[in-house]
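*Asks:* Structure in structure tokens, see below.
The values are calculated or read from the model by the stated rules, or taken from the named source; none is laboratory data. Source: prediction; values computed, not measured. Glycine gets a Cβ as well: all are built from the backbone with ideal geometry, and neighbour counts include every protein chain shown. Just the protein is used for accessible areas: all its heavy atoms, side chains included, with ligands, DNA and RNA removed. Shrake-Rupley method; radii C 1.70, N 1.55, O 1.52, S 1.80 Å.
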There are 2 protein chains.
Amino acid sequence: MSLPHAILTALLEKPSSGLELTRRFDKSIGYFWSATHQQIYRELGKLEAEGHIRTLPAEQPARGQKKSYEVLPAGRAELARWTAASQDPKPQRDVLLLRLRAAAVVGTAGLESDLRRHLELHQRQLAEYEEIERRDFPPDRTGPQDRLRHLVLRAGIDLETFWTQWLTEALKEFTALPAEAPEPTGDPSG
Amino acid sequence: MSLPHAILTALLEKPSSGLELTRRFDKSIGYFWSATHQQIYRELGKLEAEGHIRTLPAEQPARGQKKSYEVLPAGRAELARWTAASQDPKPQRDVLLLRLRAAAVVGTAGLESDLRRHLELHQRQLAEYEEIERRDFPPDRTGPQDRLRHLVLRAGIDLETFWTQWLTEALKEFTALPAEAPEPTGDPSG
DNA sequence: ACCCATTGTGCAACTAGTTGCATAAACGCA
DNA sequence: TGCGTTTATGCAACTAGTTGCACAATGGGT
């Protein structure tokens, strides 16, 4: 139940149309809560039906016509309620770690190149975050809102840093490993 | 499409019944791929229908009767295929970061106590991982399989370490913040 | 002999997210 | 003036994961 709240946050920062929201999700909020335009349109419909947002009155809203939304007081209240409500952390799900664990049983063949690819992706993401930090968070501007947003960005930076380091370490292990991990095909005598 | 492969991995490590799998997911594989017993039973049924696993012949399998599974060659082949296949990283989804971002807009009221709770949970998880490391990965035993599994555990440890540090930092910011973040309820003049 | 907690298996309905496609206006241009 | 591309909105079907509950056997106590 987080996507509607992600949308409310984005709309409070700036009223937008569905497509504008999609773009902003791609380069800001989407870094920690991604969504496709289909999801976003669907949620905008629900949020409007619930009275949390409304369309900004403009030209008649025909198909293919830009339609901007703004948050209503009820929507702001709902977002505040949700933000303050206690929530348990979601159980982890990481495919790459699972694959490594599987590789310990069926062998590491084919895995290394994908690790390399992931390493590059994380390095690129890290560079992007650091660019944003340089651009949007100079040492001056330190209002409360800036500090909170900077904190979120720091989480992104530190996570990407962790993954690049871990993947580098993992690749080092791989080259140190025998050509192929033993595949105990039914005989666990070793 | 990862749960069946998580189950295949677990079954290759040791043939088990549904409930045994559930328990092992709770304390090992589940650290990075969690699953409920309902999911596991459902997948076991599918995997059996596909010819990837079979029941170990034992007493007649009636309801409430323990039923153990083992992996067939086709299942092992499928797992090896999946492990080697390139996969894109899933887009991130982190509710806590989203809530912090929302708090920058609607205020931080009520958030701090939940941050504290999360910090405690992560500290506890970290302690558990470190206990496992002490127990299962002494400096000797360094076969290829051990090294891979240790690598996975290190990822868990480092991630939990990151979260405890980040949450500590976040809480520090909170106490430095004004009692309540400004709520620009429609008037962004400040 | 009976009760009840525990162990073990499983179905059904629901929620959230993804994929694929459809539709329509606007814009550039030949 | 017609044609293809981009912008913008949206539906429908599918997949994966969660929640809630049901049912059977077993084992221990009374």
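*Asks:* Scan the range A:1-45 for residues that are more than 9 Å from DNA strand D (Cβ to nearest atom), in contact with a Phe, Trp or Tyr (Cβ under 9 Å, 6 or more places away or on another chain) and open to solvent by 30 Å² or more (accessible area, probe 1.4 Å) and jot them down.
*Replies:* A:M1, A:P15, A:Y31, A:W33, listed by residue number.
*Asks:* A further question follows. Find the residue count for the range B:81-106, including only residues that are at the interface with another protein chain (Cβ under 7 Å from one of its Cβ atoms), surrounded by fewer than 20 Cβ atoms within 10 Å (Cβ to Cβ) and more than 20 Å from the chain's Cα centre (by Cα).
*Replies:* The total comes to 2.
*Asks:* May I ask you to verify whether B:I7 is more than 13 Å from DNA strand C (Cβ to nearest atom) and within 14 Å of chain A (Cβ to nearest Cβ)?
*Replies:* no
*Asks:* Would you confirm whether any residue within the range B:57-71 is open to solvent by 40 Å² or more (accessible area, probe 1.4 Å), modelled with pLDDT of 90 or more, within 12 Å of DNA strand D (Cβ to nearest atom) and more than 7 Å from every other protein chain (Cβ to nearest Cβ)?
*Replies:* no
*Asks:* Here's something else I'd like to know. Since B:A49 meets every condition but one in (1) under 26 Å from the mean Cα position of the chain (by Cα); (2) at pLDDT 90 or above, which condition does it not meet?
*Replies:* So the condition that B:A49 fails would be (1).
*Asks:* Same structure again: Would you check if A:I132 is in a helix (DSSP H, G or I), modelled with pLDDT of 95 or more and either open to solvent by less than 50 Å² (accessible area, probe 1.4 Å) or more than 9 Å from chain B (Cβ to nearest Cβ) (or both)?
*Replies:* So A:I132 does not fit the description; no.
*Asks:* Go through the range A:17-36 residue by residue and tally those that are in contact (Cβ under 8 Å) with a residue 12 or more places away in the chain, farther than 20 Å from A:W82 by Cβ and within 14 Å of chain B (Cβ to nearest Cβ).
*Replies:* Going through the range A:17-36 one residue at a time, the tally reaches 2.
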